[in-house]
Amino acid sequence: MSAQADSNGFIEAQLAGTQVFMQGIAAPVLYTSDGRVNAVVPFSLYGYPELLVQVAYNNVLSDAIVIQMWPVAPIVFTSSTSGQPVPIMVNQDGSINSPSNPAAPLSVITFYGSGFGLTTPAGADGHIATAPLPKPALPVTGGLVGEPVDVLYAGDVLGMVEGDVQANLLVPKDAYTGDLSVIVGGVEMDFTIYVGGTQTTTAR
């Protein structure tokens, strides 16, 4: 079962009898099944070096586990249809970036992720993002095969839970297929984007 926001625009901390406790705080639960639970780490726990986590189903608690925490731990959302996790990169026309469907130079490429840390204005646990959209408090920069990439936007996604981030990057004029690096507050993540074709008008 996937969560639905309540009348105030918040994802609740219980879904179909499932709860997730982090340091004793009930976290917003986005999805639950017999094999997987997705929850959001509360903003109030920022700065903890580690968290004690327990899952409850119909008020029966699991054993506790410890997860490590960092101020920033950015990730890009992936697809695993091929059996291996592949970063989801979206071309300017809304299609998925791939070797057979590359982005054009001077077009915008978009990805979605999380783990970008605190936001400005401050985030609210489980709240569905509305305007003005919160943005990472730490700087977000990019590079493609060693060349700087303009980050046109990095911030929360309208209609998604706060903490989910959209990043729009401008593909450089002379870009080619290679490793894209995105750095959030000094922490780097790398993945491949495919570039080819002709120049296009940039949408901002």
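The values are calculated or read from the model by the stated rules, or taken from the named source; none is laboratory data. Values in this document were obtained by computation on a predicted structure and should not be read as measured data. Every residue, glycine among them, receives a Cβ derived from its backbone with ideal geometry; neighbour counts consider all protein chains shown. To get the accessible areas, we keep the full protein, side chains included, count just its heavy atoms, and leave off ligands, DNA and RNA. Shrake-Rupley method; radii C 1.70, N 1.55, O 1.52, S 1.80 Å.
Of all the criteria given as (1) acidic (D, E); (2) closer than 30 Å to G9 by Cα; (3) surrounded by fewer than 19 Cβ atoms within 10 Å (Cβ to Cβ), the one not satisfied by D174 is (2). Of the candidates S62, S33, S44, S98, the single residue that is surrounded by fewer than 16 Cβ atoms within 10 Å (Cβ to Cβ) and without any contact (Cβ under 8 Å) to a residue 24 or more places away in the chain is S62. Among the criteria (1) in contact with a Phe, Trp or Tyr (Cβ under 9 Å, 6 or more places away or on another chain); (2) in contact (Cβ under 8 Å) with a residue 60 or more places away in the chain, the one Q92 does not fulfil is (1). Within the range 134-152, not a single residue is at positive phi, open to solvent by less than 30 Å² (accessible area, probe 1.4 Å) and in contact (Cβ under 8 Å) with a residue 12 or more places away in the chain.
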